[in-house]
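For reference, the structure discussed in these notes is given below.
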Amino acid sequence: MKIILIGIRGYAKVFMDAMFENKPGEDFEFVGFIYPKSRKSPIPQELIDNNIPQYDSLDEFYENETADLVIISSPIQLHVIQTIKALENGSNVLCEKPIAATIQDALKMDEAARRTGKFVAVGFQWSFCEPILSLKKDILDGVYGKPISFKTVVQWPRTERYYNRSSWAGKIKNDYGDWILDSVANNATAHFLHNMFFLVGNSIGKSAFPAKITAEMYRANEIENYDTFMAKIKTDNGIDLLFLASHAVPENIHPIFEITFEKGKVTFDSAKDRIIYGTTADGETKTYGNPFEDEMRKVFTSIKAIRGEGGIPCDITAASAQLITINAVSENYTINQFQEEYLVREKIDEPTGETTLIYVKGIKEALMDCYKDEMLPSEKGLPWAKSQGEITVSEYTEFKGAK
């Protein structure tokens, strides 16, 4: 079993560490990594110590080697090119989230997978973990009755250094005109938006899809795209979703979610014990575990799938609900700039030095109130909030552009 990794920084380093911890050569062979030799970034010492070959590109790699699995942890705009290249050279793919910038690119990737007979797993790690998969099985088995509503809130502050870490962070397009659509809902918290569609999908490896969306997008930081996203979504199978996420916040509030069913409720609160609990109508409590554990199970699930030992729970189709949502709101809504009077600029000491955190006054409490009352900021009458109405999403297969 041969594996190659694209990328060495950020989340690619997490993949790399996981493969070294699993003793490369015992269950699989780590045959190379792709990172242009012209780049100035230092190569992690583990790669040097283990004599892992470096390649400038997938083209150079395939001139010298083959791989059963390509792990792609590169900028969003590169996912479609690299995935198709890997598939056409006989490799399966584990592509980090989001799938791509546009639904057209995702469909091209899916066509290539079908044509080559290889798979593309999408790295929404909660969809590979035992707690989420066990919960989904119980939902499908009717343990709690029909899902009615699902709400999630995430508050993850991000400083100016976060947005300055790369040329594509917070960008709508790059300098070449390629779509990126990097945002709070299409990167850091994309996991939790996807999770809502995934858990209420009609089968174990399927997601529900958005049918109607009412969204609000805001920007506090000096970026192109939005850093704050709120949406009410009606799924194609009739479930009401509420998603609230922001980087323009003063402190971490890790994911909290609640699913209401006809005959019970499921809750998760990262601020408590990070355990998913289900309560049935007769008062029975079920414990599912911590979905943050075993983050790299997606790698080893992919390896097992290549060996014929199980399937891929999150493929391109399952992951497309999140992407369609991002494309639909980007095409139909404008980004509202938070007015200066509502902003706080705070100096923050980080391990790499001082930077600035920009956040909105009172937003922490506002978002928690919205979560509690299942309302959007405009519905709560917040002074900075603005409603832009509802849009209908039907068989969305073409992203035409962002407002």
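General remarks:
- Count of the range 245-277 residues which are out of contact with any Ser or Thr (no Cβ under 7 Å at 6 or more places or on another chain) and either surrounded by fewer than 18 Cβ atoms within 10 Å (Cβ to Cβ) or part of a strand (DSSP E or B) (or both): 17
- With respect to (1) assigned to a loop (DSSP other than H, G, I, E, B); (2) in contact with a strand residue (DSSP E or B) (Cβ under 8 Å, 6 or more places away or on another chain); (3) over 18 Å from Ala100 (Cβ atoms), the lone exception for Ser183 is condition (3).
Quick grid of which residues meet (1) under 26 Å from Ala113 (Cβ atoms); (2) aromatic (Phe, Trp, Tyr):
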residue	(1), (2)
Ala18	yes, no
Phe30	yes, yes
Phe33	yes, yes
Ser38	no, no
Leu69	yes, no
Ser74	yes, no
Val80	yes, no
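- Of the residues making up the range 222-235, those that are surrounded by fewer than 24 Cβ atoms within 10 Å (Cβ to Cβ), of a type outside the set (Val, Ile, Thr), touching a helix residue (DSSP H, G or I) at 6+ places or on another chain (Cβ under 9 Å) and in a loop (DSSP other than H, G, I, E, B) number 1.
- Within the range 307-321, the residues that satisfy the criterion of being crowded, with 19+ Cβ neighbours inside 10 Å and either among the hydrophobic types (A, V, I, L, M, F, W, C) or over 20 Å from Lys136 (Cα atoms) (or both) are Ile312, Cys314, Ile316, Ala318, Ala319, Ala321.
- Any chance Tyr218 is more than 26 Å from Ala318 (Cβ to Cβ) and either not polar (S, T, N, Q) or not in a loop (DSSP other than H, G, I, E, B) (or both): yes
- Of the set (1) small (Gly, Ala, Ser); (2) outside any helix (DSSP H, G or I); (3) crowded, with 19+ Cβ neighbours inside 10 Å, all apply to Ser38 but (3).
- Hey, Gln77 outside any loop (DSSP other than H, G, I, E, B), of a type outside the set (D, E, K, R) and surrounded by fewer than 19 Cβ atoms within 10 Å (Cβ to Cβ) or not: no
- Test result for Ser203, in contact (Cβ under 8 Å) with a residue 60 or more places away in the chain, hydroxyl-bearing (Ser, Thr, Tyr) and surrounded by fewer than 19 Cβ atoms within 10 Å (Cβ to Cβ): yes
- Among the residues making up the range 240-292, those that are closer than 20 Å to Met230 by Cβ and among the aromatic types (Phe, Trp, Tyr) are Phe243, Phe257, Phe268.
- Meets criteria (in a loop (DSSP other than H, G, I, E, B), among the charged types (D, E, K, R) and closer than 23 Å to Lys232 by Cβ) for Lys403: yes
- Unmet requirement for Val184, which otherwise passes all of (1) over 20 Å from Ser330 (Cβ atoms); (2) crowded, with 17+ Cβ neighbours inside 10 Å; (3) not hydroxyl-bearing (Ser, Thr, Tyr): (1)
- Considering Phe128, Phe150, Phe192, Phe119, the condition of being among the aromatic types (Phe, Trp, Tyr), touching a residue at least 24 places away in the same chain (Cβ under 8 Å) and in contact with a Cys (Cβ under 9 Å, 6 or more places away or on another chain) is satisfied by Phe128 alone.
- Of all residue pairs spaced 6 or more apart or on separate chains, those with beta-carbon atoms under 8 Å, a first member in the range 25-46 that is touching a residue at least 24 places away in the same chain (Cβ under 8 Å) and a second member that is loosely packed, with under 10 Cβ neighbours inside 10 Å and of a type in the set (Ser, Thr, Tyr) are Tyr35/Ser41.
- The single residue among Leu69, Leu47 that is at pLDDT 95 or above and aliphatic (A, V, I, L, M) turns out to be Leu69.
- Only residues that are part of a helix (DSSP H, G or I) and surrounded by fewer than 22 Cβ atoms within 10 Å (Cβ to Cβ) were counted in the range 83-97, giving 3.
- Meets criteria (modelled with pLDDT of 95 or more and either surrounded by fewer than 23 Cβ atoms within 10 Å (Cβ to Cβ) or polar (S, T, N, Q) (or both)) for Ala100: no
- Meets criteria (outside the structural domain of Leu367 (by TED's automatic domain parsing) and not aliphatic (A, V, I, L, M)) for Phe229: no
- Taken over the range 98-142, the residue count meeting the criterion of being small (Gly, Ala, Ser), closer than 22 Å to Gly401 by Cβ and part of a helix (DSSP H, G or I) is 1.
- Count - residues of the range 7-27 that are at negative phi and surrounded by fewer than 20 Cβ atoms within 10 Å (Cβ to Cβ): 12
- Pairs with Cβ under 7 Å, 6+ apart, first in the range 57-72 and among the aliphatic types (A, V, I, L, M), second part of a loop (DSSP other than H, G, I, E, B): Ala67/Ser91; Leu69/Ser91; Val70/Ser91; Ile72/Glu96
The values are calculated or read from the model by the stated rules, or taken from the named source; none is laboratory data. Bear in mind that the values here come from a model prediction, so they are computed numbers and not experimental data. Cβ coordinates were reconstructed from backbone atoms using ideal geometry, including for glycine residues, and neighbour counts include every protein chain displayed.
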